[in-house]
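Laboratory data are not the source of any read-out in this text; all were calculated from the coordinates shown. Computed from a prediction, not measured in an experiment: that's the story for all the values here. All Cβ positions, glycine included, derive from the backbone under ideal geometry; neighbour counts span all protein chains shown.
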Number of protein chains: 2
Amino acid sequence: MAINLDNFFKSMGENSKMSDFQDLNHIDGVSVSTTCADLYSKKRDDVVLFYFRDGANYASVYTQSKLISENIKWNLKINSKKVSALLINTRNANAFTGTDGYKGLKVLAETLSYELSQKQKNDEEKPKKIEANEILFACTGTIGENFPTEKIQKSIYDLIKKIKYTQNKYIWMKAAMGILTTDLKPKIAMEECYIGNKLVKIYGIAKGSGMIYPNMATTLGFVFTDATIPSAILKQLLNNNIEKTFNAISCDGDTSTNDMVSLFATNKVSNKKLKNSKDKKLNEFNSALFKVLLNLSKRVAADGEGASKFVTIKVKNCKTEEDAKKICFSIANSPLVKTAIAGEDPNWGRIIMAIGKAKVNLNPRKLAIQIGKIKVIENGKISLTYNEQEAANYMKEKSIDLFVNLNLGKKEFTSYTMDLTKKYIEINADYRT
Amino acid sequence: MAINLDNFFKSMGENSKMSDFQDLNHIDGVSVSTTCADLYSKKRDDVVLFYFRDGANYASVYTQSKLISENIKWNLKINSKKVSALLINTRNANAFTGTDGYKGLKVLAETLSYELSQKQKNDEEKPKKIEANEILFACTGTIGENFPTEKIQKSIYDLIKKIKYTQNKYIWMKAAMGILTTDLKPKIAMEECYIGNKLVKIYGIAKGSGMIYPNMATTLGFVFTDATIPSAILKQLLNNNIEKTFNAISCDGDTSTNDMVSLFATNKVSNKKLKNSKDKKLNEFNSALFKVLLNLSKRVAADGEGASKFVTIKVKNCKTEEDAKKICFSIANSPLVKTAIAGEDPNWGRIIMAIGKAKVNLNPRKLAIQIGKIKVIENGKISLTYNEQEAANYMKEKSIDLFVNLNLGKKEFTSYTMDLTKKYIEINADYRT
């Protein structure tokens with residue numbers, strides 16, 4: 001297929017190059033299709049369908065918000081062991097849309113399950129009936145606007161028509177783009193690893209941008225593997241890895257009503273049977289999954305609304321991981337720290353402020369702070385080697401690392417965020433206009 | 001004294017008019033003086049002295065940060081029952097300045113107490129020796145820069161030379177201006193009330209701007225009364241009133257290392273002896289004090305960095321006040337809500353988001369939201385009378401009221417904040433340059 005990649009990107013109106021991304025290709029058991037349901041005034045793919053022709057085991061983590069969207073409510077009620085499809089729409093969060101929003105999903109699930117059952121009859125040797133109860137939904141966009149059930153319903157026929165049983169990097173890229181809202185870049189990650197002697201794939205896409213703050217995570221993330229892994233083990237693997245990946249990022253301290261990260265296994269690779277998530281055969285898979293989730297999370301933080309810099313905050317030697325995490329997020333969510341970073345100002349006094357307000361007991365005399373490799377505070381005092389000009393030069397980097405060391409224990413946490421720029425205000429003051 | 005008020009303001013480089021403020025005049029037992037200690041590159045008054053010639057009873061509340069400035073450490077060690085002076089400097093927070101910063105305060109306290117003792121000998125019939133232990137300090141400005149002890153020490157002579165025993169509105173205005181950092185407007189408030197049959201005054205000044213988030217409060221606030229009230233009762237009165245005033249405002253969710261609100265009583269009015277803070281004779285004083293503190297707090301929020309709008313958030317009918325407070329601050333600190341307000345967009349979905357992430361148990365079906373007088377959500381659904389254009393018109397107002405009603409109990413809380421504008425980023429990305 002002789003497609004010019006850069007033209008392909010240009011045609012999607014994106015300012016990135018295909019070579020910036022890993023190449024995802026075929027993953028057995030997953031079909032990806034995207035189309036335009038006219039949810040935006042501008043033409044773009046705004047609905048994405050993942051279809052599992054033989055079903056998939058799955059696990060999800062959802063937002064911890066006390067006001068959750070209708071699709072999250074729907075997903076929480078799914079009691080089928082396997083799912084057959086995941087339908088994602090952008091532009092409308094289907095949150096605070098009341099019973100109409102929920103009924104809309106029912107209509108979509110019925111249409112989709114019926115049409116997919118028809119497709120099964122045409123394509124499969126042993127067609128199975130697909131139930132509404134096997135459809136998951138992800139929605140993202142504005143809260144409180146009427147859910148565009150009809151437009152999405154109409155798009156289902158096109159989505160199904162486009163289903164192919166062999167995937168390539170273009171369709172993954174289209175899917176990664178189709179789920180974006182105010183994100184500037186698609187987010188894609190992949191790893192391959194062995195379970196026993198079987199090579200398996202782990203592919204993921206995500207979207208983020210605003211309202212990026214953990215508990216659970218943030219944003220939307222969808223990860224697929226061709227390995228054979230029961231849902232219960234997927235759940236454990238996802239829970240174990242979410243804390244230091246999607247739950248470690250924050251863009252603005254705001255949490256969405258719609259956050260969702262799901263992990264699907266198509267069971268196409270017949271690896272050996274697994275006992276539980278601690279099974280040694282899963283060691284490699286576990287760390288590959290962590291890599292995919294971390295890669296996606298970092299891309300979400302780096303592309304946070306208005307971001308000009310990616311910021312990594314590592315808090316070390318705390319009494320508890322909870323302490324380390326509190327300080328991490330106190331820094332990551334501090335508008336004063338984030339604006340200083342935007343201004344390329346090594347204003348470490350604001351880091352001090354953010355540490356102080358985190359309500360973690362500490363000994364100021366043991367505190368150490370480092371900006372990149374530059375020691376700023378040692379034993380609670382300005383380091384003798386600290387040179388502000390050197391620090392100011394470092395702050396010009398695109399990727400900034402901040403280290404805080406309490407010297408009180410052995411626990412640590414790392415969080416990821418971005419700076420706070422005028423662009424963030426522009427994007428969010430004018431979001432709906 | 002024929003001073004042109006507007007010229008007076010213009011000479012201070014301020015864009016406000018004297019008529020925007022209440023007139024504070026003489027309060028017996030307090031002398032106010034201000035001068036320029038050259039702490040800024042530009043000439044301005046940057047040190048302010050409050051001198052109590054016969055001492056003052058006092059009470060203070062301080063920041064809840066785990067990393068506190070050297071002057072807060074100093075103040076916490078003061079064990080004298082009466083204080084004789086309060087010295088305030090801007091530009092330098094004296095935080096994370098180590099032992100040098102603390103020693104600097106000792107030098108200043110010794111100089112100031114010595115010079116004030118000399119003044120006592122010259123001016124008073126029964127001169128008393130003023131001790132270093134009777135001096136309070138407030139500092140505000142950049143964290144982590146060397147404390148300019150020498151410059152401030154030199155300014156003490158001028159501050160003392162300028163002490164007058166009769167105060168007028170100009171000197172209070174100069175003091176209110178002398179303590180500002182990035183604030184645009186001085187903050188002044190006053191009330192008069194009776195304790196028994198004695199009329200007493202309550203005068204206050206404050207500064208705020210950034211790092212405005214409670215626990216305690218925020219910012220600097222100094223309140224003076226000529227009433228006779230023991231320190232223990234002042235402490236109770238301050239604690240009772242701080243929660244719904246200085247602790248109810250938030251500009252950016254950041255908490256300073258230096259926050260401090262103090263209440264001083266000069267005992268010049270011989271009102272009847274008071275039993276405790278619940279003494280009925282204090283009812284009027286208590287509500288007048290609340291008014292002064294609330295007035296100052298609102299001025300701090302309204303003048304939050306980059307603010308273009310003042311926002312009042314009232315959360316009603318909660319099970320506990322703590323629940324109401326959590327939701328209040330979740331909204332007040334949400335960058336997405338605050339940018340929507342800056343954009344004059346009635347994006348109530350973001351209010352929903354902020355309510356949801358506050359971790360308060362609620363019943364979505366009972367939820368009601370109002371923007372100004374406009375009903376947006378009733379019984380968890382969009383109000384039938386809701387008209388987005390009407391809401392958009394309301395959002396153009398300078399002062400925005402948001403109401404959230406959980407309909408679950410009887411407790412409520414009100415918080416005050418401002419919108420989040422590009423100006424905030426400008427101020428804070430370039431603060432030190």
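Identify, among B:Asn92, B:Ile377, A:Met177, the residue whose Cα sits farthest towards the positive end of the charge dipole of the protein assembly as shown, taking +1 on the Cβ of Lys and Arg and -1 on the Cβ of Asp and Glu, with the dipole about the Cα centre.
B:Ile377
Under a crude label model (7 Å from the Cα following the beta-carbon direction), how far is A:Lys73 from A:Asp401 in nanometres?
Spacing of the two 7 Å Cα→Cβ label points: 4.7 nm.
How large is the charge dipole for region B:120-249, taken about the Cα centre, if only the Cβ atoms of Lys, Arg (+1) and Asp, Glu (-1) carry charge, to the nearest 20 debye? Write out the running numbers ahead of the final one.
Values: 18 positive and 13 negative charges, 58 e Å.
Around 280 debye, computed over region B:120-249.
When you look at the Cβ of every residue in A:415-424, what mean number of other chain Cβ atoms sits within 10 Å? Display every interim value, and only then the final one.
Working: counts 0, 0, 0, 0, 2, 7, 3, 7, 2, 6.
Partner-chain Cβ atoms within 10 Å, mean over residues of A:415-424: 3.
Got a sec? How would A:Thr97, A:Thr166 order by Cβ neighbour count within 10 Å, fewest to most? Each step should come with its number before you reach the end.
Details: A:Thr97 25, A:Thr166 9.
Fewest to most other Cβ atoms nearby, the residues stand as A:Thr166, A:Thr97.
Using alpha carbons only, how many degrees (0 to 90, rounded to 10) separate the axis of helix A:231-242 from the longest principal axis of chain A?
Roughly 30 degrees, rounded to the nearest 10.
What is the distance, in nm, between label points placed 7 Å from the Cα along the Cα-to-Cβ direction at A:Thr166 and at A:Glu390?
5.7
Please quote Rg/Rh for region A:30-76 to two decimal places, taking the Kirkwood radius as Rh and restricting both calculations to Cα atoms. If you can, show how the numbers build up before the last one.
On the way: Rg = 14.3 Å, Rh = 13.4 Å.
Across region A:30-76, the Cα-based Rg/Rh ratio is 1.07.
Determine the calculated [θ] at 222 nm for chain B from helices alone, applying -39500 (n - 2.57) to every DSSP H run no shorter than 4 residues and normalising by the residue count; nearest 500 deg cm²/dmol.
Numbers: 12 runs with 140 residues, N = 433.
Taking each H run of at least 4 residues, the total per residue is -10000 deg cm²/dmol.
Which whole number gives the average count of other chain Cβ atoms within 10 Å of the Cβ atoms across peptide A:139-149? Mind dumping the intermediate values first?
Working: counts 0, 0, 1, 3, 8, 11, 2, 1, 0, 0, 0.
Mean shielding by partner chains, rounded to a whole number: 2.
Placing unit charges on C-beta atoms (Lys and Arg positive, Asp and Glu negative, everything else neutral), compute the dipole magnitude of region B:35-88 about its Cα centre in debye, rounded to 20. Before the final figure, lay out each step's value.
On the way: 9 positive and 5 negative charges, 30 e Å.
Roughly 140 debye, rounded to the nearest 20.
Using the 10 angstrom Cβ neighbour count as an exposure proxy, how do B:Ile352, B:Ile78 rank, fewest first? Could the numbers behind the result be given before it?
Values: B:Ile352 26, B:Ile78 17.
With the fewest neighbours first, B:Ile352, B:Ile78 line up as B:Ile78, B:Ile352.
In region B:125-164, which residues have a backbone nitrogen under 11 Å from the label point lying 7 Å from B:Gln118's Cα in the Cα-to-Cβ direction?
Answer for region B:125-164: B:157-158, B:160-161.
Quick one: of A:Lys309/B:Lys359; B:Lys314/B:Lys373; B:Lys66/B:Lys410; A:Lys338/A:Lys422; A:Lys235/A:Lys291, which pairs are farther than 22 Å apart, Cα to Cα? Let's see the in-between values first.
Numbers: A:Lys309/B:Lys359 30 Å; B:Lys314/B:Lys373 13 Å; B:Lys66/B:Lys410 34 Å; A:Lys338/A:Lys422 11 Å; A:Lys235/A:Lys291 17 Å.
Cα-Cα > 22 Å for A:Lys309/B:Lys359; B:Lys66/B:Lys410; rest within.
For region B:72-189, state what percent of all Cα-Cα pairs lands in each successive 5 Å bin, counting from 0 Å until the bin that includes the largest distance.
Reading upward from the zero bin: 2, 10, 19, 22, 20, 17, 7, 2, 0.
Please list, short to long, the whole-number percent of alpha-carbon pairs of region A:393-433 in consecutive 5 angstrom bins beginning at zero.
5, 13, 17, 16, 14, 14, 9, 7, 3, 1
Assume the label is 7 Å from Cα along Cα to beta carbon: what separations in nm does A:Lys161 have to the matching positions in the other copies?
Taking the point 7 Å beyond Cα along Cα→Cβ, the inter-copy spacings are 9.0 nm.
Please report the Cα spread of the protein assembly as shown along all three principal axes, rounded to whole Å, starting with the longest.
Principal-axis extents of the protein assembly as shown (Cα, largest first): 110, 62, 47 Å.
When Cβ neighbours within 10 Å are restricted to other protein chains, what is their mean count per residue of peptide A:96-102?
Working: counts 13, 2, 6, 1, 1, 0, 0.
Other-chain Cβ atoms within 10 Å of each residue's Cβ, averaged: 3.
Efficiency by 1/(1 + (r/R0)^6): what FRET value for B:Lys280 and B:Ser383, r their Cβ-Cβ distance, R0 = 41 Å, to the nearest 0.05? Don't skip to the end; give the middle numbers.
Values: r = 44 Å, r/R0 = 1.08.
For B:Lys280 and B:Ser383, the calculated efficiency is 0.40.
Counting pairs of Cα atoms in region B:11-302, how many percent are more than 30 Å apart? List each step's numbers first, then the result.
Numbers: 9961 of 42486 pairs.
Of all Cα-Cα distances in region B:11-302, 23 percent exceed 30 Å.
Measure of size requested: the Rg and Dmax of region A:242-394, with Cα atoms as the atom set and Å as the unit; please supply both.
In order Rg, Dmax, the Cα atoms of region A:242-394 give 19.2, 60 Å.
How far is B:Glu150 from itself in the other copies, in nm, if each label sits 7 Å out from Cα along the Cα-Cβ line, shortest first?
Once sorted, the set of distances for B:Glu150 reads 7.9 nm.
List the distances, in nm and shortest first, from the label point of A:Val107 to the matching label points in every other copy, placing each point 7 Å from Cα along the Cα-to-Cβ direction.
Once sorted, the set of distances for A:Val107 reads 7.6 nm.
Could you state the angle between the C-alpha long axis of helix A:149-161 and the longest principal axis of the C-alpha atoms of chain A, as a value from 0 to 90 degrees rounded to the nearest 10?
For A:149-161 against chain A, the angle is about 70 degrees.
What distance in nm separates the simple spin-label points at A:Lys43 and A:Thr142, each placed 7 Å from Cα in the Cβ direction?
Inter-label distance under the simple model: 2.3 nm.
Which Rg and Dmax, in Å, describe the Cα atoms of region A:310-429?
That works out to 13.8, 44 Å for Rg and Dmax.
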